[in-house]
Structures are given as C-alpha cells and as structure tokens.
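The values are calculated or read from the model by the stated rules, or taken from the named source; none is laboratory data. These numbers were taken from a predicted model, which means no experiment stands behind them. Here the Cβ is made from the backbone with ideal geometry for all residues, glycine too, and neighbour counts use every protein chain on show.
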Amino acid sequence: MHFQGQILKMTTQNGKPIQYFLNLSNDLINMNQLIGKKMRIKHIGYQCINCGSDEKIYRMGFCKKCFFESPYASDTIIRPELSTAHLGIEERDLEIEKTIQLQPHVVYLAYTGDVKVGVTRESQIPTRWIDQGATFALPIAKTENRYEAGMIEVALKEHLADKTNWKKMLEDDFEDDLDLADFREKVKNYFPTDFQNFYRDDNEIVQLDYPYEKPEKINSFTLDKNPEFEGILRGIKGQYISFDGGNFMNVRGHEGYVIELQTGL
C-alpha cells in the first residue's frame, strides 16, 4: 500500500491494547495491523498545520510565523499558569483562548518512567495520557479553568517532575509496588492554600496497555537527518513508533512533515 500526506499526531482508541491510527492528511492508517511488517518512509516536504504553507516546520507542526502568532502555539499551551482568558485578557486571540482555557481541567499524576505531574483539559482524558506513554495515571484535582490547574501544577512541580523523559518512558520499567495513590496523599500538602478545594481523592488509578515490548536498545531518529527510512514495525508507545534494531520515530515530533509511506513490502 502506498500513502502520501501531512503527518499529524496519531489518533488513538483506548483498549487492550490501545489502537493507533497514523493520520496522513486525514487518511487514518491502522498501525496495530502493521506490527511485524516492513514500512518505508520518505520525507518529501513540509505543510504547516496552521496555515498550510510549505515553509520548513519550526516547532510543534507550525512554520516559524505561525508558531509566534497562532493562539494554538501560545505560551499558555506549554505553561497553563500564564492563562489570562478568565480575566478577559487576550494573549493572541481571546475568543480561541476562551474555548481552550475556560473549560474544566484536570491535574494528574502519571508514571512515564518517573512519577510526574501534568495538566490537561478534562475532555482530553485519556488521550493526553496515551500520547505521553503513561503506564499509570491518576487525576488528583479538577478545576474550572486552565489557570487554576496551572497554578496547582506550578506548586507541585517543585516536588515532582513535570516533563516526560522519553527514553525512560520507552524503557518501560516500573516498581511492582508503585502506587500513585500514595503520591496523591503526599502531594496534597503541596497544593497552594487558595486551591486546596480542587483536590480530589475519589478517582481510580488508570492503567494503560500499549502494543509494545521494549527492545534491547533505544535510538531515536528524525526525518531531517534520515529522510528515507525502512524498517519492520515492532510496536507503539506514546507517540513513538518502534522499529527493528531499536529505532524509534516520534510521530508528534514530525507533525507538519509531508511523507510518502509504503507498507506491506
């Protein structure tokens, strides 16, 4: 089979295991069905996920202009504590910022090689956890907007990691006695005084099952350095696809890249 299109992050359906679909210009390719089969990927260009230009992708799927101008790439996407839509203050486009920021958000603990704290819109659960490659996840607070969740995260990340170590995540090791509920009890004391009322202890731990077995070694590659790649698909975790020889490609890190894809070789 031959496909061509712009890469967007993989679409997922939670299950045992999680089902993955590679999104190439809105053609959805079932990746689980390709595990054990050879694939060939050829990088042929760029297409900004915002304006559609063929300028080189700068970051997060955006060309340089859109990265610095689009509300979908603003600082509050990365740092929710900077949100101001609840005050009626515009950063780049207030109406869009309201739709993103003025909705319920969840602060959570997740195990991605280490226990980390994170923030996501309630509507993005469990998608956010799957994209991060979390083995376990546990909501610990629910807020009315993005700013409130961000302020809780800022306080907690003084004591916990807030970023995923991709290599540790793919090593897939965890302690048998790991219990996020214990961490939840410990971090309760770190909530800012004005945000204690958002704390929740009535959620169950979620375990996620990936179509993945860790290889002996882990090496990542990019299409910038390796524009033509061929390999046998071995598994998927987070937004990483695993090939024979321990080669990994971060699909989300290639959003906006245009590729030719051949399968069933």
Within the stretch 20-43, residues touching a residue at least 24 places away in the same chain (Cβ under 8 Å), buried (at least 17 other Cβ atoms within 10 Å of the Cβ) and either in contact with a helix residue (DSSP H, G or I) (Cβ under 7 Å, 6 or more places away or on another chain) or within 20 Å of PRO227 (Cα to Cα) (or both) come out as TYR20, LEU22, LEU24, MET39, ILE41, HIS43
The residue that is farthest from ASN203 (Cα to Cα), considering only those in the stretch 102-152 that are touching a Gly at 6+ places or on another chain (Cβ under 7 Å) and assigned to a strand (DSSP E or B), is VAL119
Turns out the strands (runs of 3 or more DSSP E) fully within the stretch 183-265 with at least 2 residues that are outside the structural domain of GLU144 (by TED's automatic domain parsing), under 22 Å from the mean Cα position of the chain (by Cα) and of a type in the set (Lys, Arg) are 228-237
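From the list PRO17, PRO71, exactly one residue is under 28 Å from GLN207 (Cα atoms), in contact with an Asp or Glu (Cβ under 6 Å, 6 or more places away or on another chain) and not hydrophobic (A, V, I, L, M, F, W, C). Which is it?
On inspection, the qualifying residue turns out to be PRO17.
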Going through the stretch 1-40 in order, the residues found to be farther than 22 Å from ASP209 by Cα and either more than 22 Å from the chain's Cα centre (by Cα) or among the small types (Gly, Ala, Ser) (or both) are MET1, HIS2, PHE3, GLN4, GLY5, SER25, LYS38, MET39, ARG40
Scanning the stretch 153-180 for residues that are surrounded by 14 or more Cβ atoms within 10 Å (Cβ to Cβ) and in a helix (DSSP H, G or I) gives GLU153, VAL154, ALA155, LEU156, TRP166, LYS168, MET169, LEU170, LEU180
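Quick grid of which residues meet (1) without any contact (Cβ under 8 Å) to a residue 60 or more places away in the chain; (2) closer than 21 Å to PHE21 by Cβ; (3) buried (at least 24 other Cβ atoms within 10 Å of the Cβ); (4) not polar (S, T, N, Q):
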| position | (1), (2), (3), (4) |
| --- | --- |
| GLN103 | yes, no, no, no |
| GLY118 | yes, no, yes, yes |
| GLU122 | yes, no, no, yes |
| THR127 | no, yes, no, no |
| PHE136 | no, no, no, yes |
| THR143 | yes, no, no, no |
Among TYR108, TYR58, TYR46, the single one that is in the same structural domain as GLU148 (by TED's automatic domain parsing) and either surrounded by 14 or more Cβ atoms within 10 Å (Cβ to Cβ) or touching a residue at least 12 places away in the same chain (Cβ under 8 Å) (or both) is TYR108
Residue within the stretch 172-195 that is of a type in the set (Phe, Trp, Tyr) and over 29 Å from PRO139 (Cβ atoms) present: no
All-but-one check, ASP201 against (1) of a type outside the set (Ser, Thr, Tyr); (2) over 30 Å from SER53 (Cα atoms); (3) touching a Pro at 6+ places or on another chain (Cβ under 9 Å); (4) touching a residue at least 40 places away in the same chain (Cβ under 8 Å), failing number (3)
Exercise. Using the structure shown, decide if ARG146 is touching a helix residue (DSSP H, G or I) at 6+ places or on another chain (Cβ under 6 Å) and either of a type in the set (Lys, Arg) or over 30 Å from GLU97 (Cβ atoms) (or both).
Key: yes
